[in-house]
Every structure is written in structure tokens, then in C-alpha cells.
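K.L.:
One structure follows; several queries about it will come next.
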């Protein structure tokens, strides 16, 4: 039996359910689903990896899961798509077009799945994240990175503009940063990624898991139903004009005020006590 992550220093380590689904390790315990890309050295987003991530996303809807962490084994977080796997289909009568359409559709569905999952998703990045691997990081809500991590969308080096990674990346970092990365294949450091907004925290390599667990612990102290409401509302208002966004957000916060969590939380503040979620 595997063990779950230590959630900060405020909770004891508890046993968790652990399993391996092809190239993906899945652990669930103490409210956390930990997904570990386990096909080093590249941890490529192969057909098998994409299928395993998709399956895990469905399981993440279980009420016992409150936070999802995406991590990886080895020196690379993920090198993106398996180029050998893609190339193997070029010999088909259509040159591989139908296969390419399907695999990129599946990958996009997984990336959207993390963005649309109504639970916080944290990337824990210890090494290189390139192309669709960088896309995966950008598709998570938050990211903690080792100082040794680097990020890039370097498909241009192979004659391929990273148009699908572009979608997630351009929603996380300034336009000029995204375009430089996309057009030149330039790798950026973990610190530069933090400055640009792709990463939230940068720590020493040996502190990576601890820093993730501390972030998870803070999230677990907050009411899950309100986090779900907030993440969904945040995503929805991004595509609205200013007036529409305020009208929408006003309706959301009124609904939030009517929830038991808000009643308890505000009541606890007024009464100078800790809330009971």
C-alpha cells in the first residue's frame, strides 16, 4: 500500500490507495489525488499517458478528492508528445492526418479537463517541461517548481509550431513572453517562469514536495464547495467584457452568500472563532 503526501506539518501521514495505470501512478489519500507521470526519461504524453490521465480525471470527481497534484518521476517533468509514436503513423494512406486529429483532440480534452475540473489542480515540476509538457503545467491552476526546472514550447526546433500548447500558455503569461517562447523555442528558467506567471513558487529541489504539501494544506483548510464555485466563475468571467463580468460576478457572490459555508465563515469571523466547515 502506498502512502499519501504529508499535508503540511499539521496532519499526520495517512495511508492512501495507490495504483499504477500504465505510465501513470495514482495515489489518493487525505483529500489529495497525486498523479505521477512515471515513464522516464521523457514522461511523454503518449496515447497511453493521455488515456491514463483522462481516466484519472474522471476519478477525481469523487467527493473524497479535494485537490489534484500532477508530478513526475525522473529529471524531466514531461517532454511533450511522443514524436516516435506520431511519426509511426505517417505511413498511412492519409499521411497520418486522421491519427493526428484524434491524438491532438484527446490531448486537448485532457488539458481542458484539468482547467475545467472544479477542484484545485497543482503542477509539481522538478525538471524540464517542454511542448505539451509545458502545456500541462499551464493547464493546472497553480504550479510549484524546483530551481532546476525549465520550461519551453520548442516545437519550432522540429518544424512544428506549438499551437496547442500556445492555448494554455497564452492564458498564463504575457503575450510577448509566449510569442518569444513559441517563435524561438527558448527555454526559460523556473524563476523567469515565476516572474511571467506560469509558476507560483520556486524552491530548492529538495524542498519541492514540502512546498507542494504546504500549498495543498492551505487549500484543504478552505471549503471545497466554495473553491469549486470560485474556480468555475474565474474561468467563465475571463471571456467577458468588463460590465458583463461584474454582472456575472455579482450574481455569483450573491449565490455564494446564500451558501452554508459563507454563513458559517462570516459568523465565525464575527464571533471571533474558527469556522467549522
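K.L.:
Might you let me know whether the stretch 60-69 holds any residue that is surrounded by fewer than 21 Cβ atoms within 10 Å (Cβ to Cβ), more than 14 Å from the chain's Cα centre (by Cα) and within 22 Å of residue 149 (Cβ to Cβ)?
P.N.:
Checked the stretch 60-69: no residue is surrounded by fewer than 21 Cβ atoms within 10 Å (Cβ to Cβ), more than 14 Å from the chain's Cα centre (by Cα) and within 22 Å of residue 149 (Cβ to Cβ).
K.L.:
Mind listing whichever residues of the stretch 38-80 are in contact with a strand residue (DSSP E or B) (Cβ under 6 Å, 6 or more places away or on another chain), closer than 13 Å to residue 119 by Cα and assigned to a loop (DSSP other than H, G, I, E, B)?
P.N.:
Correct list: 60, 65.
K.L.:
Next question, about the same structure. For residue 238, all conditions in the list (1) modelled with pLDDT of 95 or more; (2) within 22 Å of residue 112 (Cα to Cα) hold save one; what is the number of the exception?
P.N.:
(1)
K.L.:
Related question: Could you check the stretch 111-131 and list, in sequence order, the residues that are part of a helix (DSSP H, G or I) and touching a helix residue (DSSP H, G or I) at 6+ places or on another chain (Cβ under 6 Å)? Give the derivation first.
P.N.:
Step one: of the stretch 111-131, the residues part of a helix (DSSP H, G or I) are 111-116.
Listed by number, the residues that qualify are 111, 113, 114, 115.
K.L.:
Quick check: anything in the stretch 112-127 at pLDDT 95 or above, more than 20 Å from residue 33 (Cβ to Cβ) and in the same structural domain as residue 203 (by TED's automatic domain parsing)?
P.N.:
Yes, that holds for at least one residue.
K.L.:
Got a sec? Which of 167, 177, 144 is outside any loop (DSSP other than H, G, I, E, B), assigned by TED's automatic domain parsing to the domain that holds residue 101, without any contact (Cβ under 8 Å) to a residue 24 or more places away in the chain and buried (at least 16 other Cβ atoms within 10 Å of the Cβ)? Please lay out each step first, then the result.
P.N.:
Details: 167 fails: without any contact (Cβ under 8 Å) to a residue 24 or more places away in the chain; 144 fails: without any contact (Cβ under 8 Å) to a residue 24 or more places away in the chain.
One residue alone meets the criteria, 177.
K.L.:
Turning to a different aspect of this structure: Here is a check on your reading of the model: is residue 217 within 19 Å of the chain's Cα centre (by Cα), more than 21 Å from residue 128 (Cβ to Cβ), in contact (Cβ under 8 Å) with a residue 40 or more places away in the chain and surrounded by fewer than 16 Cβ atoms within 10 Å (Cβ to Cβ)? Please lay out each step first, then the result.
P.N.:
Values: within 19 Å of the chain's Cα centre (by Cα): yes; more than 21 Å from residue 128 (Cβ to Cβ): yes; in contact (Cβ under 8 Å) with a residue 40 or more places away in the chain: yes; surrounded by fewer than 16 Cβ atoms within 10 Å (Cβ to Cβ): no.
Against the criterion (within 19 Å of the chain's Cα centre (by Cα), more than 21 Å from residue 128 (Cβ to Cβ), in contact (Cβ under 8 Å) with a residue 40 or more places away in the chain and surrounded by fewer than 16 Cβ atoms within 10 Å (Cβ to Cβ)), residue 217 does not qualify.
K.L.:
Can you find a residue in the stretch 90-103 that is outside any loop (DSSP other than H, G, I, E, B), closer than 27 Å to residue 195 by Cα and touching a residue at least 40 places away in the same chain (Cβ under 8 Å)?
P.N.:
Looking only at the stretch 90-103, we keep the residues that are outside any loop (DSSP other than H, G, I, E, B), and these are 97-103.
Okay, now just the ones that are also closer than 27 Å to residue 195 by Cα, so none.
Within the stretch 90-103 (the criterion being outside any loop (DSSP other than H, G, I, E, B), closer than 27 Å to residue 195 by Cα and touching a residue at least 40 places away in the same chain (Cβ under 8 Å)), the answer is no, since none of the residues qualifies.
K.L.:
Check off (1) farther than 30 Å from residue 146 by Cα; (2) in contact with a helix residue (DSSP H, G or I) (Cβ under 9 Å, 6 or more places away or on another chain); (3) surrounded by 14 or more Cβ atoms within 10 Å (Cβ to Cβ) for residue 255 and give me the number that stays unchecked.
P.N.:
Failed condition: (3).
K.L.:
Return a yes/no flag: does the stretch 78-85 have any residue that is touching a residue at least 60 places away in the same chain (Cβ under 8 Å) and more than 18 Å from the chain's Cα centre (by Cα). Let's see the steps before the verdict.
P.N.:
Within the stretch 78-85, the first condition is being touching a residue at least 60 places away in the same chain (Cβ under 8 Å), and the residues that meet it are 80, 83.
Then keep just the ones that are more than 18 Å from the chain's Cα centre (by Cα); that gives 83.
Scanning the stretch 78-85, I find at least one residue that is touching a residue at least 60 places away in the same chain (Cβ under 8 Å) and more than 18 Å from the chain's Cα centre (by Cα), so the answer is yes.
K.L.:
Please enumerate the residues belonging to the stretch 188-203 that are crowded, with 17+ Cβ neighbours inside 10 Å, closer than 17 Å to residue 176 by Cα and over 16 Å from the mean Cα position of the chain (by Cα).
P.N.:
Matches in the stretch 188-203: 188, 192, 196.
K.L.:
Output yes when any residue across the stretch 186-196 is outside any helix (DSSP H, G or I) and on the phi > 0 side of the Ramachandran plot, and no when none is.
P.N.:
The initial filter retains those residues of the stretch 186-196 that are outside any helix (DSSP H, G or I), namely 186-189.
Okay, now just the ones that are also on the phi > 0 side of the Ramachandran plot, so none.
Among the residues of the stretch 186-196, not one is outside any helix (DSSP H, G or I) and on the phi > 0 side of the Ramachandran plot, which makes the answer no.
K.L.:
Can you name the number of the only condition in (1) under 30 Å from residue 154 (Cβ atoms); (2) part of a helix (DSSP H, G or I) that residue 219 fails?
P.N.:
(1)
K.L.:
Residue 158 passes all but one of (1) at pLDDT below 95; (2) within 22 Å of residue 71 (Cβ to Cβ); which number fails?
P.N.:
(2)
The values are calculated or read from the model by the stated rules, or taken from the named source; none is laboratory data. These figures come from a predicted structure and were not determined experimentally. Cβ sites come from the backbone with ideal geometry, for glycine too, and all protein chains shown count toward neighbours.
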